[in-house]
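Heads up: the structure comes next, in structure tokens.
Values quoted throughout were computed directly from the atomic coordinates according to the rules given, and no laboratory measurement underlies them. Just so it is clear, the model here is predicted, and its values are computed rather than measured. Cβ atoms come from the backbone with ideal geometry, glycine included; neighbour counts cover every protein chain shown.
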Amino acid sequence: MEQQIPLSHEPSAGDTNMRVATSLPHEVVQCLENARFLHLATCSDNIPHVSLMNYTYLPSSPYSRSPVIVMTTNPASKKMNNLTSNHNVSLLVHDWVSHRPTPTSQARRLSSDAGSSRSPNREPHSSLAALLFNLNTSAVSSISATINGSARLVERGSDEEKYYRDVHLENNTFDNIVDTGLFGAGADRAEGESDTAHRFAAGDDVRVIVVGIRDVRIADRKGAVRDWVIAEPGAEPVVNGVR
């Protein structure tokens, strides 16, 4: 059984206490296997952009001995434009269900004093929301993971593209999430979500993105963190671009 190393409660803004591994920590793998979406952050000209994405995690593949994360995107998307000029990306994934807790009486009073009040059409927090919150705070998950890496667009028409596309399609149903009520009526769809998988994952114009993982930060709800550098088997680890 893997030994659980306690999270550090020291502020961690740098690369101190980095651990090196050739695979992702078990907690992160579990998180990636449980979650349905992740947040992809790209940047161009110092302007960040965040997208909600379907994804597929692979611990290795015929094209990589190291763990990778596979996604697809419309070639006309903002993230696509960012990736062509800057391959560095950051991903955030967690597997707990969360909702905004009911405001305290003081918070409601302050909100009212500021001229803001609860919309009369807004439903109160349901028993289901309360149940999910209780699950959330007990056993569903205890960490989130911030993953940094380099993204590349797989060559069009290549065997590699077909391989990753097929695996990604098999791993994701691409159901219409709006109908599930997960995000509410009229909510935006996540990248890759549609009535047809062909449009967002198998269409001729869709590009396959593969993210090679450089490092990962595990954080718990109290802000304690743990940092890992992911090294390719047989290679020296890279920390902040330096071997």
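A simple spin-label model places pseudo-atoms 7 Å from Cα toward Cβ; at residue 232 and residue 43 they are separated by 2.5 nm. Distance between the 7 Å Cα→Cβ label points at residue 158 and residue 220: 4.2 nm. Going by neighbour counts of Cβ atoms within 10 Å, the residues 94, 39 line up, fewest first, as 39, 94. Under a 5 Å amide H cut-off, with hydrogens placed 1.01 Å from N, residue 72 pairs with 209 among residues at least 5 apart or on other chains. Cross-link partners of residue 162 among lysines, defined as those whose alpha carbon lies under 17 angstrom from its own and excluding same-chain residues fewer than eight positions apart, are absent.
Peptides 86-93, 210-217: what's the order by average Cβ count within 10 Å, highest mean first?
Values: 86-93: 18.1, 210-217: 21.6.
Listed from highest to lowest mean packing, they are 210-217, 86-93.
Provide 95, 159 in ascending order of the number of other Cβ atoms located within 10 Å of each residue's Cβ, fewest first. Show your work: numbers first, answer last.
Numbers: 95 18, 159 11.
So the ranking, lowest neighbour count to highest, is 159, 95.
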